[in-house]
Amino acid sequence: MNHSNAVQAHMHRDDYGAKIGMWLFLFTELILFGGLFIVYAVYRFTYGDGFSLASKELDTLVGMINTIVLLTSSLTMAMSITAIQQGRRRLSIGLVGATNALALVFMVNKYFEWTAKFHHGLFPGGKELLERTNGEILYFGLYYVMTGLHAIHVLIGMVIMTFMMVYLKTGHVNKDSFVKLENSGLYWHLVDLIWIFLFPLFYLIH
Amino acid sequence: MSNHALASQSARTDFMRAAGSRKGILSWILSTDHKRIGILYMIAMGIFFAVGVLFGLLIRLELIAPGKTIMEAQTYNSVFTLHGIIMIFLFIIPGLPAVFGNFFLPILIGARDVSFPRLNLLSWWLFVAGGLMAIVSVFLPGGPADTGWTFYIPYSVRTSTNVIPALLAAFTLGFSSILTGINFVTTVHRLRAPGMTWFRMPLFIWSLYATGWVQVLATPIVGITLLLVVVERALGVGIFDPALGGDPILYQHLFWIYSHPAVYIMILPAMGLISEVIPVFARRTIFGYSFIAFSSIAIALLGSLVWAHHMFTVGMSDTAQWIFSLLTFLVSIPSAIKVFNWVSTLYKGSIELEPPMLFALAFIFQFSIGGFTGLMQGALALNMHLHDTSFIVAHFHYVMFGGTGFGIFAAMHYWFPKMFGKMYNKARANVSFILIFIGFNVLYFPLFIAGYMGMPRRYYDYLPEFQSLHFISTIGSWILVLGLIMMVANLLMGLRNGSRASSNPWGGTTLEWTIQSPPTVENFETIPVVATGPYDYSRYERGEHA
Amino acid sequence: MDHGTKNHAHVIGYGTYILVWLGLLSFTGITVAVAGMDLQFYNIAIALIIATVKAIMVMTIFMHLKFEDRVFRIFATVAILTLLIFLVLTFFDYSFAR
Amino acid sequence: MLSSDSGFIKDVDGVFLFILAISLVLLILITLLMVYFVIRYSRKRNPRPSNIEGNVPLEILWTVIPTILVIGMFYYGWIGYERMKNIPADAIVIEVTARMWEWEFVYPNGVKTDTLYVPLGKAIQTNLISADVNHSFFVPAFRLKKDVIPNKKNQAWFRADEVGAYDIACAEYCGLKHSYMYSKVVVMAEEDFDSWYAQMYGTSQAAPADTAAKRTEGR
């Protein structure tokens, strides 16, 4: 470790430290979802047939559209950092805005998907669901919890993006100080990462 | 440090009195100064500890004789649940890292604060919020949770008591713990003073660093698990409930994936603290520095892989049984290495039995008993007999209280003069130590015997053959509480009218002893440059001490 | 190790990002297409392998792990390994006769 | 209490004594050294300390020796456990149902009791079923414990080698009357058991004498 840097860190802001902190936080998020993935893995192992049956009721197309939407939002997010590094503030704002818009598309899509399921009585405690086998009940339980928790993260992400747009506008985040935007980006990519696994686990594997 | 620097520093106001932008209590509860936050934790934790002790005392009083003594079974079940939740989440886990880690981690590495001071304040607020939630759950209609602190499924889904507030309390406290972990790991990476290489860090820092990682990587698992129980109870989502096909054992796996490493979150900082105290009072360098440092990492690592030894009787696969049993035995080795190194540090030292040293030596003795009885439970055949008996209760109290608890007491007596600039009455501290030591052992040792004889744990009532052991144990609890009251009173008296403490009353060599007592807001006027290891006592060896 | 000014050193071009994005989209297409075929166990394996590849792409490029200090990569490895170990050890219970 | 004899007593107590002996030796060694050093190297006697930084051979020694010791402990624990889990093929199978807060035993011929009657010297297999929450089937005298988990079929077995009555306790917390969830294993000579079994056949309910045997009643 170069100590002149460490000393500097005492006096100036420590972007490097901020990034370490953010990554550590992302690990906690990863493990938070990881716990759910463990539950999923165990139940798929125990109730392979029920899971297979239930997963066929999800619409792969909806899942795929949402995957593409999130991947694209990750792209715009990543590019917004390049933009601010080059000092192109307006472009950066536009890209963060695009990220936010795509997140909204994701949520709307999710909303229609969930309400359709609810209409079919496939919600926790719903009569339709309780008549099914244990494996299917657990599958839908996990489906709602995992995609729900993910959706909450998307919503939080949208709030963060809105703040970032304001910060970019006021110059609080600028060409020389953009670690906040970088960290928001890291968060957003993690949300994307989680979805990259949720998508095959719920929509693709039967 | 030159005399000039010392003189100019003593003129500066310390962090207790420093005028900030806010007045009165707000200058404390909104402060981002790591030292003030440490003291805030200490106050909050002290209150929760008192409540926890009271509940423990009530448990012991109920068990003094068979049959109903002072309370109904339902009350008893809630009392031991709350005793567990409070002592684990609100005392033992935050005890050393949040109080003394916050106060001394930046100072010991030569920094002015932690990396994220505002996040640090947020952790404290979350801690208080979690504690309040736990307390509120007692008074809400439905009554306090009666599930035991483990919240085992399916009982926790079926009981009508206030499980959800208790779960949310534990979740919030877990979140607070995670934020502290993130802060400490980042601080250790980023804010070490020039020359403070990894192997010049005090061992307390090593242990906090290892603890920080465990907090970051294990706590989220229990967070999500408790949340799942919440959604299960609140929304009827099928996750663990066997009525919906769920697997109660999966809950236990997830619960212990965190809660066993949590034991190491509790004990590691205490081990680090002991490694600080012993060299100071033996006036010599620690024996086997790097072995102690690496054993902290090894404990954090291996300790994360042994959770299912809490579950040997649930009927796991044989493969899981032997793997977890073997790993459990292996985790004892780094602990043994530490104990041997501590004892060797006494060899050819120049030992003064000040109060912190007494607590530290008692730690080694009691932690060893806790460790050896832990080996017994790691053995598969024996575990079948001992599991869920009062043998376990005795074992983990020997580790948690006899170990970490005594570590916290050692830290309080060790750093008290630095934190407050005053000295307590040492003679009274010694007497309270003796009472606590005797009371502790009288309280918990009989439970080993009762457990081996077949006394199950979490029992409101018991068979007559266990009465004499329970009676002795309850007597022990009175001695212990007497000692605790005396210790706290002595410290508070020291705070009020203790004699002025010098900046280095024990002759320590780590960085906190180079600054004034109590420290200034900035800790260091100029960031020190570190040139030697943390325990350089060569001046005493040469006979040149002032 | 030198850092501190590192933030400014690596400006990743838009082209790189777009290439990665195109890669991610193609993998999504492949995984959906493969899911339509009936390959029994291999369906799960292929879906997870593709998801892992996509995750690595996001982490290395979008999340800049490729350009950061070694310490970040070590951290990420530790975290992911921890999760994997939790999973594997749990399955020592489930995947053997109980 | 611990007076009876079953196949596991020797195993469990043997492992216990083995670990206890090693632990005591080490604990006494650690404690005596600590006390001796504190006295011998007190500041009065030894004002000038020696800064010994460490000793690698010593570190290796006290890493290797404990490793060997604990692997030995693991091995004995494992061997004992092997015997606990290998249920003899000729065992009498009894269904044990745990519910809040009582035990029910169903014999192969359909007889139901609330006390477990078993013949001397015969292997008994208990199939553990939970009707509600987690419980644990614990017979301290036989060093036997197995959790009773809903949705899971756990089994345990034992062989009683001495006539008498031994406590069955619930060892997994199960709510309000957890501490009263006691029953008994009554071990009878084989001919006594046979005549009891024949007499019970046809009656599905427990004999009145059973309730008297429970220690939990009336407290």
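General remarks:
- Under the convention that each Lys and Arg Cβ holds +1 and each Asp and Glu Cβ holds -1, the size of the dipole of the stretch D:92-213 around its Cα centre is about 460 debye.
- For the stretch B:349-363, the residues whose amide N sits under 16 Å from a probe point set 7 Å from the Cα of D:Arg48 along the beta carbon direction are B:349-351.
- For a modelled paramagnetic label at D:Tyr201, 7 Å from Cα along Cα-to-Cβ, the residues of the stretch D:83-111 in reach, with backbone nitrogen under 13 Å, are D:108-111.
- Peptide A:71-79 has a mean shielding of 6, counted as Cβ atoms of other protein chains within 10 Å of each residue's Cβ.
- C-alpha long axis of helix B:426-453 to longest principal axis of chain B, angle in °: 20 degrees
- Across the alpha-carbon set of the stretch D:7-85, the Rg to Rh ratio works out to 1.20, Rh being the Kirkwood radius.
- Database remark: amide H of D:Val93 closer than 5 angstrom to the amide H of D:Gln125 (H placed geometrically; neighbours at sequence offset of 5 or more, or on other chains; Pro and chain starts carry no H).
- Averaged over B:46-53, number of beta-carbon atoms from partner chains that fall within 10 Å: 0
- Extension gain for B:Ala427-B:Ser499 works out to 24.5 nm (0.36 nm per residue, less the C-alpha to C-alpha distance).
- Normalised by 2.2 N^0.38 Å, with N the number of residues, the alpha-carbon radius of gyration of the stretch A:44-189 equals 1.31.
- The angle between the Cα long axis of helix B:318-346 and the longest principal axis of the Cα atoms of chain B comes to about 30 degrees, rounded to the nearest 10.
- Note on D:Lys152: lysines with a C-alpha under 19 Å away, same-chain residues under 8 apart excluded, are D:Lys85.
- Take the Cα radius of gyration of chain B and divide it by 2.2 N^0.38 Å, N being the number of residues; the result is 0.96.
- Taking the chain by itself as reference, the stretch B:287-322 contains these residues with an accessible-area loss of 30 Å² or more in the full protein complex (1.4 Å probe, heavy atoms): B:Phe287, B:Phe291, B:Leu305, B:Trp307, B:Thr313, B:Val314, B:Gly315, B:Ser317, B:Asp318, B:Thr319, B:Trp322.
- Ranking B:Ala411, D:Pro119, D:Val139 by how far each Cα lies toward the positive end of the dipole of the protein assembly as shown (charges on Cβ) leaves B:Ala411 at the top.
- Taking the DSSP bridge list for the stretch D:92-213 and keeping only pairs wholly inside it, about 70 percent are antiparallel.
- Once the Cα-Cα distance is subtracted from the 0.36 nm per residue extended length, the D:Lys153 to D:Leu61 segment shows a gain of 28.5 nm.
- Packing-based order for D:164-176, A:148-160, C:27-39, using average beta carbon neighbours within 10 Å, highest first: D:164-176, A:148-160, C:27-39
- Per-residue mean of foreign Cβ neighbours for D:143-156 is 6 (Cβ atoms of other chains, 10 Å radius).
- The share of accessible area on the protein assembly as shown that comes from carbon and sulfur is 67 percent, using a 1.4 angstrom probe.
- Spin-label proximity, D:Ile79 to the stretch D:23-37 - amide N less than 19 Å from point 7 Å beyond Cα toward beta carbon: D:23
- Of all DSSP beta bridges confined to the protein assembly as shown, the antiparallel ones make up roughly 70%.
- Taken along its three principal axes, the alpha carbon spread of the stretch B:278-389 comes to 53, 28, 17 Å, from the longest extent down to the shortest.
- The angle separating the long axis of helix D:190-200 from the principal Cα axis of greatest extent in chain D is about 50 degrees.
- Accessible surface buried once C binds A (1.4 Å probe; total of both sides; Å²): 4500 Å²
- Integer Hz, Karplus 6.51/-1.76/1.60 couplings in order for the stretch B:225-231, x for Gly and Pro: 5, 5, 4, 4, 5, 4, 5
- Rounded FRET efficiency, nearest 0.05, which uses the C-beta distance separating D:Ala89 from C:Phe96 and R0 of 22 Å: 0.50
- Burial ranking of peptide ranges B:126-135, B:526-535, B:16-25, A:180-189 (average Cβ count within 10 Å, highest at the top): A:180-189, B:126-135, B:526-535, B:16-25
- Sorted peptide list for A:43-53, B:409-419, criterion being average Cβ within 10 angstrom, highest first: B:409-419, A:43-53
- Stokes-Einstein D for the stretch D:92-213, Kirkwood Rh over Cα pairs, 25 °C, 0.890 mPa s (µm²/s): 171 µm²/s
- The stretch C:17-62 shape via C-alpha gyration tensor axes, a/c threshold 1.5: oblate
- Converting phi to 3J(HN,Hα) with the Karplus coefficients 6.51, -1.76 and 1.60 and the offset θ = phi - 60°, the stretch B:99-116 yields 7, 7, x, 4, 5, 10, 4, x, 5, 5, 9, x, 10, 8, 6, 7, 5, 10 Hz in sequence order, with x at every glycine or proline.
- Label-to-label distance, A:Gln86 versus C:Leu25, with points set 7 angstrom from Cα along the beta-carbon direction: 2.0 nm.
- Projected over all directions and averaged, the alpha-carbon convex hull of chain D occupies 18.0 nm².
- Estimated Rh, the protein assembly as shown: Kirkwood, alpha-carbon pairs, angstrom: 31.0 Å
- Long-range HN-HN contacts of B:Met455 with modeled amide H, under 5 Å: B:Ser390
- Restriction of the trypsin sites (Lys or Arg not before Pro) in the stretch D:16-110 to DSSP coil positions whose beta-carbon has at most 10 other beta-carbons within 10 angstrom yields D:Lys44, D:Arg45.
- Between the amide H of D:Ser136 and those of D:Val148, D:Ala171, D:Glu172, distances stay under 5 Å, these residues lying 5 or more places away or on another chain, with hydrogens modeled in the peptide plane.
The values are calculated or read from the model by the stated rules, or taken from the named source; none is laboratory data. Predicted model only: the values in this text are computed from it and were never measured. Here Cβ is always computed from backbone atoms with ideal geometry, including for glycine, and neighbour counts include all displayed protein chains. Ligands, DNA and RNA are stripped out before the accessible areas are found, and what is left, the full protein with its side chains, is counted by its heavy atoms. Shrake-Rupley method; radii C 1.70, N 1.55, O 1.52, S 1.80 Å.
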